[in-house]
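Scroll down for the structure; my scribbles are underneath it.
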């Protein structure tokens, strides 16, 4: 059976202990600032949600309606314990039924670069198509084109680099609102329809 979680199911318990409870972890202020640009009640999708902490927690605190997905059954179970009122599904982003609907915003922190180049390219188009007019997408990926082994899973990760991500966003009908880095050096692409 293929692990659609890119190795995260195998290390889910460790991840939950180390990162899955960090309410004010790295990037929390960036996510909060982005969440505050939406009207209360806006509908957002958190892909690669993990335990929901800190991203979904922040979105809910800002008065947003959230849906979530993750490919790790253990992460999804932890998410459900943390946020029983939020609809979360256990499925890979490339097979998600969520992309048959539309959202005001989609957020993917720490996910895209775990996927193959082919899936990343297709996914950016899917994400753009799932945004309402005026909708926004926020995702993280290293600024430079690079490949490395994920420190937790040992799986290959890859960034297509800022130039490629910008081209893919423009080709999908999105424009860059801004780019920023958080206190941990994570690079954020903030794009709008």
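The values are calculated or read from the model by the stated rules, or taken from the named source; none is laboratory data. Values in this document were obtained by computation on a predicted structure and should not be read as measured data. Glycine gets a Cβ as well: all are built from the backbone with ideal geometry, and neighbour counts include every protein chain shown.
Residue-wise test of (1) at pLDDT below 95; (2) in a loop (DSSP other than H, G, I, E, B); (3) surrounded by 18 or more Cβ atoms within 10 Å (Cβ to Cβ); (4) in contact with a helix residue (DSSP H, G or I) (Cβ under 9 Å, 6 or more places away or on another chain).
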position	(1), (2), (3), (4)
2	yes, yes, no, no
6	yes, yes, yes, yes
33	no, no, no, no
41	no, yes, no, no
Can you name the residue in region 17-27 that is within 20 Å of residue 81 (Cβ to Cβ) and surrounded by 16 or more Cβ atoms within 10 Å (Cβ to Cβ) and is also modelled with the lowest pLDDT among such residues? 20
With criteria (1) part of a helix (DSSP H, G or I); (2) over 19 Å from residue 92 (Cα atoms); (3) modelled with pLDDT under 70; (4) in contact with a helix residue (DSSP H, G or I) (Cβ under 8 Å, 6 or more places away or on another chain), residue 14 comes up short on (4)
In the set 60, 45, the lone residue that is outside any strand (DSSP E or B) and either under 14 Å from residue 82 (Cα atoms) or in contact with a helix residue (DSSP H, G or I) (Cβ under 9 Å, 6 or more places away or on another chain) (or both) is 60
Quickly run through region 145-166 and pick out the residues that are within 28 Å of residue 36 (Cα to Cα) and either in contact with a strand residue (DSSP E or B) (Cβ under 8 Å, 6 or more places away or on another chain) or crowded, with 18+ Cβ neighbours inside 10 Å (or both). 159, 161, 162, 165, 166
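Filter region 157-175 down to residues that are outside any helix (DSSP H, G or I) and without any contact (Cβ under 8 Å) to a residue 24 or more places away in the chain and give me whichever is farthest from residue 191 (Cα to Cα).
Restricting to residues being outside any helix (DSSP H, G or I) and without any contact (Cβ under 8 Å) to a residue 24 or more places away in the chain, the top hit is 161.
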Return yes when residue 52 is surrounded by fewer than 17 Cβ atoms within 10 Å (Cβ to Cβ) and free of Cβ contacts under 8 Å to residues at least 40 places away in the same chain and no when it is not. no
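Go over the candidates 126, 120 one by one and state the one that is surrounded by 21 or more Cβ atoms within 10 Å (Cβ to Cβ), within 18 Å of the chain's Cα centre (by Cα) and not in a loop (DSSP other than H, G, I, E, B).
Going through 126, 120 in turn, just one is surrounded by 21 or more Cβ atoms within 10 Å (Cβ to Cβ), within 18 Å of the chain's Cα centre (by Cα) and not in a loop (DSSP other than H, G, I, E, B): 120.
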Considering only residues that are over 26 Å from residue 118 (Cβ atoms) and touching a residue at least 12 places away in the same chain (Cβ under 8 Å), which ones fall in region 71-80? 74, 78, 79
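Each row is one residue, and each column tells you yes or no for (1) within 27 Å of residue 173 (Cα to Cα); (2) more than 14 Å from the chain's Cα centre (by Cα).
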residue	(1), (2)
59	yes, no
65	yes, yes
81	no, yes
133	yes, yes
Against the definition (crowded, with 21+ Cβ neighbours inside 10 Å and not in a helix (DSSP H, G or I)), how does residue 105 come out, yes or no? yes
Sole residue being modelled with pLDDT under 90 and surrounded by fewer than 17 Cβ atoms within 10 Å (Cβ to Cβ), chosen from 85, 94, 77: 94
Across region 81-102, what is the total count of residues that are over 24 Å from residue 190 (Cα atoms), assigned to a helix (DSSP H, G or I) and either in contact with a helix residue (DSSP H, G or I) (Cβ under 7 Å, 6 or more places away or on another chain) or in contact (Cβ under 8 Å) with a residue 24 or more places away in the chain (or both)? 1
